[in-house]
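Encoded as structure tokens, the structure appears first; notes follow it.
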Amino acid sequence: MINTFADYKKAYRRSVEEPEAFWDEIAETFTWRKKWDKTLEWDFHEPQVKWFQGGKLNITENCLDRHLEKQGNKTAIIWEPNDPDEESRHITYRQLFVKVCRFANVLRQNGIKKGDRVCIYMPMIPELAIAMLACARIGAVHSIVFAGFSSQAIAKRINDSQCKMLITANEVYRGTKRVNLKAICDEALKDTPSIETVLVYRRTVEPTEMQEGRDKFWFEELQKATDDCQAEEMDAEDMLFILYTSGSTGTPKGMVHTTGGYMVGTAYTFENVFQIEKDDVYWCTADIGWITGHSYIIYGPLAAGATTVMFEGIPSYPDYGRFWEICEKLKVTHFYTAPTAIRALARQPIEFVEKHDLSSLKVLGSVGEPINEEAWHWYNDNIGKGNCPIVDTWWQTETGAIMISPLAGITSARPTFASLPLPGVQPTIMDDQGRELNGRRESAEGRLAFKFPWPAMARTIYNNHERYKDVYFSTFPGMYFSGDGAYRDATGNYRITGRVDDVVIVSGHNLGTATVENAINEHEKVVESAVVGVPHDVKGNALYAFVILYDHVEPSEALEKEIREIVSTTIGPIAKPDKVQFVNGLPKTRSGKIMRRILRKIITNDIENIGDTSTLLNPEIIEDIAQGVK
Ligand code: WTA
């Protein structure tokens, strides 16, 4: 593990000068059935990337078996239920191992073999972790669909990768609500001919409708299974999972991750970014339905032998102090969440925080979008009490593992900067003409690309390699293009400025909507904002800002003016939004991303063509915003 800044610099230099030797050494610390013949083969034009070719392993032997001897009785997963009165579950490595083996046998009994795709649509319960690891144990490819997606979205994903089995639960608790997941699945299953079997875990005692011959209860199947399950031998480049992520078109992209590189990459980044120690209790609040949950609730932490927390509920139930209550109760040392959650909690009375003892916390993390300065400070002051380094981790579904981030307490953590690339990661900044802005000791702003492969990167888009090439490798030939904009200061620290797909050109000037939003968010009365471009007769585009104010603040023209002014003084008069509309909420995906595409449709009065809103967290907000459009 990297312990000092000098270690970091040394590791980084080595990872660039001798990447193969660097990763060989790290990979050797894992359990392989057979060592690899070739560390790396790559070509970003094809594109093709292979790590640890010829190596044989099973990732669950690394996440489970190898820990049994030394720490079989250590807690692997602590599960915290939605209802604080229901008991938490503490599952040791040995118990998890047995559960995974047994459920893996259930999969085998039901005809699942190496290479088969299995769709998992489950709430945040330990059985979700067990199901995914059981797939990995027998070499089946899991495709987890976040249990908040609609039937249509499930069907689309199942059909794209021709899943043979669907694993779900009858119901899920979310705050005061209970959602019938099985009914949503049944709707999806009307249109998914590849599915042969549905396994249903009973989360509640409610009666569940089962289709004869197709649907089976988890518990009944378990009774027929033994505990002993030989792990399938996988090639390092065999597919581990598919995870869908949205693209610029309506069709989601099934990102394919493979076994060896993903394991090495997630475990290495987990240990080093968070600086995990033996008795730490690590909690990532993401849902396992997203990449953050795959890499940093399950695979990374378990490969590293850590204790990982899984939370079933939501931050506002039974009240807005729930996150902090759990931190106190479980003595959480590492807390990793998203800026959108931080901003939502920062809006609440501070008593929700102050009621709880947060002294166990050592490290805080942020992921998913740029964290604005105000939220960063709130997090630092109120949650970390100024004592916990904040790791602002930049990465993507496609990158599989963290790419740019401080290492907790080792490299500097400055608000709004994801800071430095991790060892093995070679970022660069490109201008619009495709030229690399690689001047030393000067700052640069442009598009974020990567010049060299890293082990955890996605290898392709399932059944659509052309699209993979087109989206990621054609903008800057020979490089991976992230789709994000970034600024690099003269000391080499990176700040992510947001998706470049959200760049708006106003009077010939490129403006990052995220940059404008950051400026607006700095206003003390503003909680959050979203800026989009609208067609403008003279300027080509103009900026339109949607702004959420703190609860007690009255909207006014004077405030509108102040908001324009703050943008003007932070960025320049050119970035001043033409219109400012105060709103009660913004259309967001369930992972917290603002859907600017929908905002554009609302402004241009094109609500009929808004498309599928079933993946939104709050579809009702659309009408509300439309009524206030200027
Ligand atoms: C954004 C989530 C700024 C970025 C792991 C990226 C971030 C997209 C950060 C990937 C961060 C993620 N700072 N922006 N720390 N982390 N992003 O695939 O635009 O859900 O391209 O992966 O989120 O989102 P995804």
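The values are calculated or read from the model by the stated rules, or taken from the named source; none is laboratory data. On a predicted model such as this, the values are computed, not experimentally measured, just so you know. Every residue, glycine as well, gets a Cβ built from its backbone with ideal geometry; the counts of neighbours run over all protein chains shown. Areas reflect the complete protein model, heavy atoms only, side chains present, ligands, DNA and RNA absent. Shrake-Rupley method; radii C 1.70, N 1.55, O 1.52, S 1.80 Å.
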Odd one out for ASN380, checked against (1) within 16 Å of the ligand (Cβ to nearest atom); (2) surrounded by 20 or more Cβ atoms within 10 Å (Cβ to Cβ); (3) more than 18 Å from the chain's Cα centre (by Cα); (4) not aromatic (Phe, Trp, Tyr): (2)
Within region 401-445, tally of residues that are within 13 Å of the ligand (Cβ to nearest atom), over 24 Å from GLU18 (Cα atoms) and of a type in the set (A, V, I, L, M, F, W, C): 3
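Suppose we keep only residues that are assigned to a strand (DSSP E or B) and of a type in the set (A, V, I, L, M, F, W, C) within region 383-400. Which one would you say is farthest from the ligand (Cβ to nearest atom)?
Here is the first cut: in region 383-400, the residues assigned to a strand (DSSP E or B) are 390-394.
Still in the list and also of a type in the set (A, V, I, L, M, F, W, C): 390-391, 394.
Working: ILE390: 11, VAL391: 9, TRP394: 4 Å.
Among those residues, the one meeting the criterion is ILE390.
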Complete set of residues in region 569-604 that are open to solvent by less than 60 Å² (accessible area, probe 1.4 Å), within 30 Å of THR292 (Cα to Cα), away from the ligand (no atom under 16 Å from the Cβ) and touching a residue at least 60 places away in the same chain (Cβ under 8 Å): LEU599
Selection count where residues are within 13 Å of the ligand (Cβ to nearest atom) and either part of a strand (DSSP E or B) or under 17 Å from ILE91 (Cβ atoms) (or both), scope region 289-301: 2
Residue in region 442-460 that is surrounded by fewer than 17 Cβ atoms within 10 Å (Cβ to Cβ) and at pLDDT below 95 present: yes
Residue pairs meeting the criteria (Cβ under 9 Å; at least 6 apart or on separate chains; first farther than 19 Å from THR333 by Cα, in region 399-416; second near the ligand (Cβ under 9 Å from one of its atoms) and charged (D, E, K, R)): ILE404/ASP392; ARG414/ASP392; ARG414/ARG495; PRO415/ASP392; THR416/ASP392; THR416/ARG495
Residue count, region 142-192 (criterion: buried (at least 21 other Cβ atoms within 10 Å of the Cβ) and of a type in the set (Lys, Arg)): 2
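Each row is one residue, and each column tells you yes or no for (1) of a type in the set (D, E, K, R); (2) part of a helix (DSSP H, G or I); (3) surrounded by fewer than 18 Cβ atoms within 10 Å (Cβ to Cβ).
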{"position": "VAL205", "(1), (2), (3)": "no, no, yes"}
{"position": "LEU222", "(1), (2), (3)": "no, yes, yes"}
{"position": "ASP228", "(1), (2), (3)": "yes, no, yes"}
{"position": "ILE242", "(1), (2), (3)": "no, no, no"}
{"position": "GLY254", "(1), (2), (3)": "no, no, no"}
{"position": "HIS257", "(1), (2), (3)": "no, no, no"}
{"position": "GLY261", "(1), (2), (3)": "no, yes, no"}
{"position": "VAL264", "(1), (2), (3)": "no, yes, no"}
{"position": "GLU271", "(1), (2), (3)": "yes, yes, no"}
Test result for SER614, over 14 Å from ALA519 (Cα atoms) and open to solvent by less than 60 Å² (accessible area, probe 1.4 Å): yes
Residue match in region 322-334 (condition: crowded, with 19+ Cβ neighbours inside 10 Å, within 29 Å of ARG488 (Cα to Cα) and within 12 Å of the ligand (Cβ to nearest atom)): no
Leading residue by the ranking (farthest from ILE154 (Cα to Cα)) among those in region 605-617 that are free of Cβ contacts under 8 Å to residues at least 40 places away in the same chain and away from the ligand (no atom under 16 Å from the Cβ): ASN605
Residues of region 575-602 that turn out to be in contact with a Leu (Cβ under 6 Å, 6 or more places away or on another chain) and assigned to a helix (DSSP H, G or I), as a count: 1
